[in-house]
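Here is the structure we will look at.
The values are calculated or read from the model by the stated rules, or taken from the named source; none is laboratory data. These figures come from a predicted structure and were not determined experimentally. Here the Cβ is made from the backbone with ideal geometry for all residues, glycine too, and neighbour counts use every protein chain on show.
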Amino acid sequence: ALPISYVSEIFRAGIQSIDKGQMEAGRSLGLTWGQTMRYIIMPQAFKAIIPPLGNEFIAMLKDSSLVSVIGFEELTRRGQLII
């Protein structure tokens, strides 16, 4: 699984990268905080969130395959030592 601390930091940075004026504009239109986040902030933030989140998924995929190879080699080596 992805380390949740990295993922939450990616989302936090993506949301904070949006100018505060966007939130103020949504609130001045009468939108609630949730509506402003859903319709104004998050669509813009996803443009900043998707690349680093993709990098995390790729790193996880690479790490998991590396661990499986190391684990397999370790098991086969143990088997050879027993025989």
Worksheet entry | Of residues in the stretch 1-40 being in contact (Cβ under 8 Å) with a residue 24 or more places away in the chain, aliphatic (A, V, I, L, M) and in contact with a helix residue (DSSP H, G or I) (Cβ under 6 Å, 6 or more places away or on another chain), the one nearest to residue 56 (Cα to Cα) | 2
Worksheet item: Any idea which residue in the stretch 9-36 is surrounded by the fewest Cβ atoms within 10 Å (Cβ to Cβ), counting only those that are farther than 12 Å from residue 52 by Cβ and within 17 Å of the chain's Cα centre (by Cα)?
Response: 16
Discussion item. Can you go through 58, 15 and tell me which one is modelled with pLDDT of 95 or more, part of a helix (DSSP H, G or I) and of a type in the set (Val, Ile, Thr)?
Written reply: 15
